[in-house]
Amino acid sequence: MRVVALLPAATEIVAALGAADRLVGVTHECDHPRDAVLGRARVTRPSVPSHLDGATPAEIDAAVRERSATGAPLFALDEAAIAALDPDVLLTQGLCDVCAVWEGDVRALAERLGARRGAAPRVATLGGTTLDGVLDDVAALAAELGLEAAGAALVERARARVRAVHETLKAARAPRPRVAVVEWTSPVFLAGHWGPDLVRRAGGVDVLGTVGAHSTTVELAALAAADPEVVLIAPCGYDLAHAEAEARARLADPAWGWLAGRAVWALDANAFLSRPGPRLVDGVEVLAALLHPALFGAPAADAAVRVSAASP
């Protein structure tokens, strides 16, 4: 079976199922696991600037809004390259028009490929908006690939790890700090979908986020008024180094002066928050360590960095 993964989470799921050898094409953003993406054809490219190009969050947001207003896609598919790969399955998502290729474009591509070769590749879509929904997607994708047993085992391991965090918190009767997860800083977006779910499962209370709901913009004053004890700066698509740089820039910005005296952390969003795949369970564990270090130990230095002197 020949698989083209059109979002990084799908690549990570396929690899976690032990089927990386089936991947023939991946996106320009796919970077984990490294041995699963090395040498694979890259079949997408961005149509807007990135923080990797030096663009600021405000500049990226403006470019996204400009293209969205005209109906222009934010990512381009290399149709010729995908056709040459002769895929049996295309993996896509129906969650966010900003974070990955549009599902509608993928389905249209499948139809065109089918018209050329007589049979269209199957399209499998990830759409989970909570941690449970993401794990259901893992099981469904495993079934699509004929790997039901591997999928069931992967999901059960994930659920066992989340239960272990819950049982530790329950046994300790741990207090739940008030948390804000900032997934974009200009304008301010707070994490939605599974983000508040991860906070809850890690032993915190998301002050403004709603489990399963879309990410939303908020006025900075409203975020300050919500009075979070812990603020996580985890811009969507950023690794830890770039998240830390953005967090330190916010701390130096007078408009964000209300952060003084709070625990402010930078988080590797790519690894632990942005992508709806198996590493969201790692995200629960990282957040639990960040919020409750006495119970779980400090988070790994390559997962999260505290950028303020306050402690949760």
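Annotations
- When residues of the stretch 206-235 are limited to those that are within 15 Å of the chain's Cα centre (by Cα), modelled with pLDDT of 95 or more and not in a strand (DSSP E or B), the one farthest from Ala55 (Cα to Cα): Ala234
- For the stretch 188-205, a residue qualifies if it is closer than 18 Å to Pro276 by Cα and part of a loop (DSSP other than H, G, I, E, B), and the qualifying residues are Ala191, Gly192, His193, Trp194, Ala202.
- Tally, over the stretch 169-199, of residues that are under 17 Å from Thr130 (Cα atoms) and either outside the structural domain of Pro254 (by TED's automatic domain parsing) or surrounded by fewer than 18 Cβ atoms within 10 Å (Cβ to Cβ) (or both): 0
- Comparison of Arg116, Arg122 shows that the only residue that is at pLDDT below 95, surrounded by fewer than 16 Cβ atoms within 10 Å (Cβ to Cβ) and touching a helix residue (DSSP H, G or I) at 6+ places or on another chain (Cβ under 8 Å) is Arg116.
- Listing of strands (runs of 3 or more DSSP E) fully contained in the stretch 35-108 that carry 1 or more residues being touching an Asp or Glu at 6+ places or on another chain (Cβ under 8 Å) and exposed (fewer than 15 other Cβ atoms within 10 Å of the Cβ): 44-46
- One residue from Ala225, Ala247 being farther than 27 Å from Thr92 by Cα and surrounded by fewer than 18 Cβ atoms within 10 Å (Cβ to Cβ): Ala225
The values are calculated or read from the model by the stated rules, or taken from the named source; none is laboratory data. Fair warning: this is a prediction, and the values are worked out from it, not measured in the lab. Here the Cβ is made from the backbone with ideal geometry for all residues, glycine too, and neighbour counts use every protein chain on show.
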